[in-house]
Every structure is written in C-alpha cells, then in structure tokens.
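The values are calculated or read from the model by the stated rules, or taken from the named source; none is laboratory data. A quick note: this is a predicted structure, and the numbers were derived from the prediction, not measured. Neighbour counts run over all protein chains shown; Cβ positions are idealised from the backbone, glycine included. The protein model used for the area step is the full one, side chains on, heavy atoms only, and it has no ligands, DNA or RNA in it. Shrake-Rupley method; radii C 1.70, N 1.55, O 1.52, S 1.80 Å.
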Amino acid sequence: MTRQRRLYVILPVLAVTLLIWTFFAIRTDGAFLSLRNLAGMAQEFSYEPVLALGVVFVLLVGEIDLSVGYLTLLGATILGLLVQTHQWPAVAAIGATLAACAALGLAQGILVAYARMPSFVVTLAGFLIFEGIAYHVLSGATINVFSPAIA
C-alpha cells in the first residue's frame, strides 16, 4: 500500500476520533480529556487489550472464539467468591482463577483441535455454559471486592 493510500485510510479515522474527543470535551467542560479521567479509563479498561490479543491469535489461525467475554465474567465471579466469600488471600485467589479459566479454555481447545469440532459451535456452547454458571452463582447480585491487592 502506498504512503498516500495509507493516509486516505488513516485520516478519516483520526478526524472522527478528534470530533468525538471534541464533542465530549465540550459536553463535560474539559473533564473528559483531563489526566484524572484518562488515567481512570486506562485503569478501568486495561484488561481489554489483553483479551483482544488472545482473540487476534485465534482469528489469525482462521478460528473464532465467542466465549471470551463470558469466560472473563466467570473468572471475575470465581475471583470475587474466593476473596470475599471464602476469604482467600488475593494471590491464591488470582492463581486459582487463572488456573480455572486456563483449564476451561484448554478444554475448549482440545475439543476444537483433537475432537475436530467447529470452533464456532464449541465456543458458542462455552459462551452459554459460562454465562449460565456465572449468572447462577451470582443470582442477579454483585460481589463487591474490597481487597486492596485486587484493586
């Protein structure tokens, strides 16, 4: 792709981004682009690039993963239960949560790679299973985690 052609692709994206930033800066009297707000957004949404990176690897091999969002929900649910309800130390709870999520992802990977099931079907089933488990455990409530190590 030539340099000029790349500019034609990138320029509209930058222009729309600038318009959106300007709109919110005006609507919030400049608070939107403040350092405090930008730092808060960076902290609040820091997990999403990590998830996106994993999904990119799946897409690069021509597969799809529909369950990543609800596996994240289930992981947060497990972590909340271990820390708040069962009083686990933060490090142990994080380790157990990572192990549980890795095991569930591995199970899906085995079904796709070795059982030759379509990734769409496996991850759609995982989506529904993880969603159901998380919603059953939470019963429509939330778990407030007050551990400074988790925060």
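Observations
- Full extension of the chain between TRP21 and GLU131 yields a length gain of 36.2 nm, computed as 0.36 nm times the residue separation minus the alpha carbon distance.
- Structure-derived volume of the Cα convex hull per residue in Å³ - corresponding label in (1) 176; (2) 93; (3) 117: (1)
- Taking the chain as a Gaussian network of alpha-carbon nodes connected by springs under 10 Å, the highest mean-square fluctuation of the residues GLY75, GLY95, GLY30 belongs to GLY30.
- Chymotrypsin sites (Phe, Trp or Tyr not before Pro) restricted to the range 1-87 and DSSP loop, no more than 15 other C-beta within 10 Å: PHE45
- For the pair ALA102 and ARG6, a Förster radius of 30 Å applied to the C-beta separation gives a FRET efficiency near 0.20, rounded to the nearest 0.05.
- When both the range 1-46 and the range 66-98 are represented by their alpha-carbon centers, they are found 33 Å apart.
- The accessible surface of the range 49-151, taken with every protein chain in place and a 1.4 Å probe, is 75 percent carbon and sulfur.
- Taking every full run of DSSP H in the chain, the ones that stretch at least 15 Å from end to end by Cα along their long axis and average 0.5 or higher on the Kyte-Doolittle scale are 3-27, 47-60, 68-80, 90-113, 119-138.
- Considering only VAL13, VAL137, VAL83, the Gaussian network model of the chain with Cα springs below 10 Å gives its largest mean-square fluctuation to VAL13.
- Under the combined filter of DSSP loop state and at most 13 neighbouring Cβ atoms within 10 Å, the range 71-151 retains these chymotrypsin sites (Phe, Trp or Tyr not before Pro): TYR114, PHE146.
- Modelled label positions at THR85 and LEU38, each set 7 Å beyond Cα in the direction of Cβ, lie 4.1 nm from each other.
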